[in-house]
Amino acid sequence: MSVHTWYCANCKKETGHEVREQAHHDPAIRALTAPPKGDNYKDDTECTCTVCGTVEWVDPVDIFQLAVHDFGD
């Protein structure tokens, strides 16, 4: 699991988010929830706000643009 700063639609500000992957081999990194139904989410990554707990499923390409988002470990 990694933590990064991402805009939370629920908090209406940039907050820390935990990033977890679907079907990851390491249980510590594996997503805790199921993605929404449909093919649009098959490659998406679980992104959970550390402030309010809101879960979003987002394209990992959007998350891992280092020039755009701030990362931590």
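I'd like the full set of residues that are closer than 13 Å to VAL55 by Cα, touching a helix residue (DSSP H, G or I) at 6+ places or on another chain (Cβ under 8 Å) and open to solvent by less than 40 Å² (accessible area, probe 1.4 Å), limited to segment 1-35.
Across segment 1-35, the qualifying residues are TRP6, VAL19.
Could you grab the pairs with beta carbons closer than 9 Å, sequence gap of 6+ or different chains, first residue in segment 24-37 and touching a residue at least 24 places away in the same chain (Cβ under 8 Å), second one open to solvent by 60 Å² or more (accessible area, probe 1.4 Å) and not in a loop (DSSP other than H, G, I, E, B)?
ILE29/GLU21
What number of residues within segment 1-49 are under 9 Å from the mean Cα position of the chain (by Cα), modelled with pLDDT of 90 or more and outside any loop (DSSP other than H, G, I, E, B)?
Final tally of qualifying residues: 10.
The values are calculated or read from the model by the stated rules, or taken from the named source; none is laboratory data. What you see is a predicted model; the values in this text were computed from it and never measured. Positions of Cβ are generated from backbone atoms using ideal geometry, with glycine treated the same way; all protein chains shown enter the neighbour counts. To get the accessible areas, we keep the full protein, side chains included, count just its heavy atoms, and leave off ligands, DNA and RNA. Shrake-Rupley method; radii C 1.70, N 1.55, O 1.52, S 1.80 Å.
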